[in-house]
1. Taking segment 29-53 as the region of interest, how many residues are free of Cβ contacts under 8 Å to residues at least 24 places away in the same chain and surrounded by 14 or more Cβ atoms within 10 Å (Cβ to Cβ)?
2. Applying the selection to segment 317-333, what residues are crowded, with 19+ Cβ neighbours inside 10 Å and either assigned to a helix (DSSP H, G or I) or acidic (D, E) (or both)?
3. Quick check, is E123 in contact with a Cys (Cβ under 8 Å, 6 or more places away or on another chain), away from the ligand (no atom under 16 Å from the Cβ) and either open to solvent by 50 Å² or more (accessible area, probe 1.4 Å) or aliphatic (A, V, I, L, M) (or both)?
4. Scan segment 178-230 residue by residue and report those that are within 9 Å of the ligand (Cβ to nearest atom) and in a strand (DSSP E or B).
5. Answer yes or no: is there a residue in segment 76-97 that is open to solvent by 10 Å² or more (accessible area, probe 1.4 Å), among the hydroxyl-bearing types (S, T, Y) and more than 21 Å from the chain's Cα centre (by Cα).
6. If we keep just the residues of segment 264-303 that are within 21 Å of E166 (Cα to Cα) and open to solvent by less than 20 Å² (accessible area, probe 1.4 Å), which is nearest to the ligand (Cβ to nearest atom)?
7. Quick one: is E166 assigned to a loop (DSSP other than H, G, I, E, B), open to solvent by less than 30 Å² (accessible area, probe 1.4 Å) and either within 15 Å of the ligand (Cβ to nearest atom) or charged (D, E, K, R) (or both)?
8. Determine, yes or no, whether D248 is in a helix (DSSP H, G or I), open to solvent by 10 Å² or more (accessible area, probe 1.4 Å) and not hydroxyl-bearing (S, T, Y).
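The values are calculated or read from the model by the stated rules, or taken from the named source; none is laboratory data. All values reported here derive from a predicted model rather than from experimental measurement. Quick reminder, even Gly has a Cβ in these numbers, built from the backbone with ideal geometry, and neighbours come from all protein chains shown. Ligands, DNA and RNA are excluded from the accessible area calculation, which covers all protein heavy atoms including side chains. Shrake-Rupley method; radii C 1.70, N 1.55, O 1.52, S 1.80 Å.
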Amino acid sequence: MRVLLTGGAGFIGSHIALLLLERGYDVLIFDSFANSSSNVIKRIENFLDNKALKYKLRVINGDIRDKKILESIFSKCVKENKPIEVVIHLAGVKSVVESLTNPLYYWDVNVSGTLNLLLTMKEHQCYSLVFSSSATIYGLSSYVPILEEQKISPITPYGQTKVAVENLFYDLYKSNVNLWKICSLRYFNPVGAHPSGLIGEDPKGIPNNLFPFITQVAIGRQKTLSIYGDDWETKDGSGIRDYIHIIDLAEGHLSSIDYLNTSESCLEFINLGSGKGYSVFQIIRQFELSTGCRIPFSIESRRDGDVAVSYADISKAKRLLSWTPKRSLEQMCLDGWNWQMKNPNGYG
Ligand code: UFG
């Protein structure tokens, strides 16, 4: 089965690519490399020492907003008699803070880009899609654990773009309920790395997210972690999130493909998280305990766009996808640290 994986060179995409290849899929990675490194591809190829698997990977450099290149990819696959059967769409921009200062860019890449992709898929009769949505769409959710039916109220432009795409899926599905098969996966906070230490998270510039910031403090690339608020309405005053091991998250995508393959037609919005909430202080403590590193921190004021508590109810994913997250917070810390130690400067 041939899969188009947009954004396949990124943190999440590279881990999905590896699992897909190991499972024997033909994988076309489509990535602009705007926020990822081409070294990722070499790492994936090196990992797949088995040549047969290696030759199932093809990489195309392009922007999701460029419809012509998307059309040429789909057409070429048809000519090769190996049409794209399913798309995993991750290509997009994802900084909550950046989206507040540059909303047009976020709408352009995340919404127009997805529209291009859907138009091209339709033109080529490809109707199966797994999409990277985000827990950020729940905004200031009124209760936890968060269920998929909960009110959608994004508080940032980034969140708005994810909601816009989900609404588009809804219209599309309603227009012909016998056609489309779509799983929109609402990610919570993916962390950790592949246990080999060959691929992992390598944010450009200063990390926005907690976990890569901690590993960079541990390796000496950053001096002190800023904790954005110790006055939240939580037990210890720091923000609570649902951290999920990147391999568990990647496995959720493969389970989604299996689900789509056995479905007539569907549109499902599904939370992917661990189902557990940990505070910033708990994450620091666990990281220090698991790795023996010390993480100096200072308390700063709250960050724009943050919420106090967010963690998922994952019963729908368990039920529909027969998927369950298996890796502990300790494993997330150990694998994330293993990656950072083996790659102090990321992909270089
Ligand atoms: N935090 C710090 N210091 C930092 C970074 C983060 O204290 O340097 C805190 C935040 O305030 C928050 C927690 O750590 O309480 C987690 O923050 P992250 O930036 O790691 O993650 P977010 O939950 O803010 O956002 C992430 C992704 C978003 C996605 C969201 C879904 O970055 O793209 O999860 O819930 F939308």
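1. 1
2. Scanning segment 317-333 gives A317, L321, L329, M332, C333.
3. no
4. Selection gives R186, Y187, N189, P190, V191, L225, S226, I227, Y228.
5. no
6. Step by step, filter segment 264-303, then rank; the result is G273.
7. It is false that E166 is assigned to a loop (DSSP other than H, G, I, E, B), open to solvent by less than 30 Å² (accessible area, probe 1.4 Å) and either within 15 Å of the ligand (Cβ to nearest atom) or charged (D, E, K, R) (or both).
8. No.
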